[in-house]
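A quick write-up on the structure given underneath.
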Amino acid sequence: SAADIANKAAGQATSAAASQGEAAYRAAQEATRKVAAKVSAAAQKAQAAAALKYAQAGQLTQAAQIAQALVFKEASQTAKTGRTVQAAEAIQMLAMAQVAALQHALSQAEAQVAIAQQVMDAATSAYYEQSSMLKQAQKTAQNIIHQQSLAVSDLSSAQAAAETARAAATKALYQA
């Protein structure tokens with residue numbers, strides 16, 4: 001009869017509506033699970049980036065230490081060269097005194113003066129060159145220290161982002 005057909009149709013419609021509601025719930029759960037997985041993967045990538053920043057900061061620290069050691073070495077070499085210049089100047093003065101005191105040995109004394117002048121010129125040149133290298137090494141050390149500071153700042157930002165992502169992933173996983 002028509003009533004049976006209508007009742008049967010109503011039952012099928014009710015069953016289809018219940019089935020659609022369950023499918024929508026499952027789809028929402030699956031979407032939540034996928035979002036949580038993506039957030040978790042992003043958190044892992046952020047943690048990996050933070051680890052890389054830690055490694056870079058370590059490398060910059062090591063480079064800064066090496067640069068500082070070079071600065072100290074150059075300072076020591078500069079001091080030694082300064083003493084060599086002073087010694088060469090003393091030799092030149094001695095040679096000139098010998099020229100005044102020993103007119104008969106004038107040609108020999110002038111040779112000593114010339115040698116002392118060459119030594120002084122070479123030592124003076126080395127002194128100025130090493131002084132320039134010292135200044136460059138100090139500038140390089142300052143640049144490395146500045147880069148290290150920037151890397152540490154980037155690292156802090158990356159850690160904060162990683163923690164935020166981890167918290168979001170955890171929240172999403174608990175909600176799923």
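Ordered by 1.4 Å accessible area with all protein chains kept, 174, 127 run largest first as 174, 127.
So, counting K/R as plus one and D/E as minus one, what does the shell of residues with Cβ under 14 Å around residue 96 add up to?
Numbers: positive: none; negative: 89, 110.
Here the count lands on -2.
Ligands, DNA and RNA excluded, the heavy atoms of residue 96 present near 110 Å² of accessible surface to a 1.4 Å solvent probe.
The values are calculated or read from the model by the stated rules, or taken from the named source; none is laboratory data. Remember, predicted model here, so these are calculated numbers, not experimental data. When we count neighbours, we look across all protein chains shown, and the Cβ atoms used for this are built from the backbone with ideal geometry, even at glycine. Side chains are part of the model used for accessible areas, which takes the heavy atoms of the whole protein and leaves out ligands, DNA and RNA. Shrake-Rupley method; radii C 1.70, N 1.55, O 1.52, S 1.80 Å.
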